[in-house]
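The values are calculated or read from the model by the stated rules, or taken from the named source; none is laboratory data. All of these numbers come straight from a predicted model, not from anything done at the bench. No Cβ is skipped: glycine too gets one built from the backbone with ideal geometry, and neighbour counts run over all protein chains shown. Accessible surface is based on the protein model in full, side chains and every heavy atom, while ligands, DNA and RNA are left aside. Shrake-Rupley method; radii C 1.70, N 1.55, O 1.52, S 1.80 Å.
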Amino acid sequence: MEYTVQKLGRLAGISTRTLRYYDQIGILKPARINSSGYRIYGQAEVDRLQQILFFRELGFPLERVREVVTAPSFDSAEALRTHYAQLLDRRRQLDTLIANVEQTISAAEGRTTMTDQQKFEGFKQKMVEGNEDKYGEEIRRKYGNEAIDKSNQKFMNMTQEEHAEVTRLAEELTVTLAEAFKEGDPAGGLAQKAADLHKQWLTFYWSNYSKEDHAGLAQMYVDDER
C-alpha cells in the first residue's frame, strides 16, 4: 500500500500539517515524490510513523524521538518490546489509581471505610512504580535490591502527615537550591540550608542516613551528565 499525505493522515489520525512538519525536520521522509509533486509514503514510512506516535504517546520530546528513530542502530522490534513494557507499567499504574478511586467512592457512599493512609496509597504506588520504571535497574545495580526495597516500603508506609512534610521539603529544597546556585557560594548560608533540606528529605526515604552516603549521592549527581 502507498499513501498520500491526506490518506496517511486519515489513517493515523493526525493532521497533514504534522506530516509535512515531520518531513521538514527529517523524522519521517516520504518514500518518493510523484510526478504531480505529491508526497508518497510506503510500508516502511507507515511503520516508522507508528513508532514515532508510540514514542510521543509515552511522553518523549520530538527531538529525542528524531534522534532515536533516525539512528543507524535503531531496532524497530526492540523498540516495540520497550513500548510494550512501558505500556504495561502505565496500565499497572492506572489500575492502582482506578482501584483507589473505586475504594474512595465506596467509602463516600458509606459502603466501606477508608483510612487516611489508604486514600493516598494509589498515588504513592504510582510514584514508586514510575521511579522503578525510570531508574529501577540502575539504582538496584548500584545499591542492591534490599536497600531499594526498604526505601520503597518506607515510602509506602508514610502517614498522611509524613507525605505532606516530604512534599513540602521537596518544594522548599527546589526553591532554596535555585537561590543558592544564583548566589554561587557553596559555603554560604543558602547552600548550607539547601544541603540540610536535602538531608531532611533523604531521611524520609533512607533507612539509615550518613554524611558519607549523602556526600556520595551528591558526587553522583555531579558526575552524571543528566
To the nearest 10 Å², what's residue 46's accessible area with a 1.4 Å probe?
30
Taking only protein heavy atoms into account and a 1.4 Å probe, give the accessible area per residue of the range 1-78 in Å².
62
Over all alpha-carbon pairs of the chain, lay out the pair-distance distribution in 10 Å bins, whole %, shortest bin first.
6, 21, 23, 21, 18, 9, 2, 0
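Ranking request for peptides 8-15, 69-76: highest mean number of other beta-carbon atoms within 10 Å first, then the rest in descending order.
Numbers: 8-15: 14.4, 69-76: 10.8.
Ranked by mean Cβ neighbours within 10 Å, highest first: 8-15, 69-76.
Compute the Rg/Rh shape ratio of the range 23-66: radius of gyration over Kirkwood radius, all on alpha-carbon atoms.
Details: Rg = 11.8 Å, Rh = 11.3 Å.
So for the range 23-66, dividing Rg by the Kirkwood Rh gives 1.05.
For the range 1-88, what relative contact order do you get, as a whole percent, if you take Cα pairs closer than 8 Å and at least 6 residues apart? Let's see the in-between values first.
Details: 69 pairs, mean separation 21.3, N = 88.
Answer for the range 1-88 is 24 percent.
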Surpassing 21 Å at the alpha-carbon level, of the pairs 7/29; 182/211; 29/134; 134/154; 154/193, are 182/211; 29/134; 154/193
Out of the total accessible area of the chain (probe 1.4 Å, heavy atoms of protein only), what percent is carbon and sulfur?
53
Given a 1.4 Å probe and the protein chains all in place, what does the accessible area of residue 33 round to, in Å² to the nearest 10?
100
Please report the relative contact order for the chain, taking Cα pairs under 8 Å with a sequence separation of at least 6, and give it as a percent rounded to a whole number.
11
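Net charge near residue 193: determine it from the other residues with C-beta under 10 Å of the C-beta of residue 193, scoring Lys and Arg +1 and Asp and Glu -1.
On the way: positive: none; negative: 172, 179, 196.
Neighbourhood net charge equals -3.
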Can you give me the three principal axis dimensions of the range 1-109 from its C-alpha atoms, in Å, biggest first?
66, 31, 24
Would you look at the GNM of the chain, springs on alpha carbons closer than 10 Å, and say which of 163, 198, 214 moves the most?
214
By how many degrees, 0 to 90 and rounded to 10, does the Cα axis of helix 76-108 deviate from the longest principal axis of the chain?
50
Phi-based couplings in Hz for the range 65-72 (Karplus 6.51, -1.76, 1.60; Gly and Pro marked x)
4, 4, 4, 6, 6, 9, 5, x
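Test of understanding: express the Cα radius of gyration of the range 163-226 as a ratio to 2.2 N^0.38 Å, with N the residue count. Please list the in-between numbers first.
Numbers: Rg = 12.0 Å, N = 64, 2.2 N^0.38 = 10.7 Å.
Computed over Cα atoms of the range 163-226, the ratio equals 1.13.
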Accessible area (Å², per residue) of the range 146-226, counting only protein heavy atoms and a probe of 1.4 Å:
68
With every protein chain in place, the accessible area of residue 221 for a 1.4 Å probe, in Å² rounded to the nearest 10, comes to 120
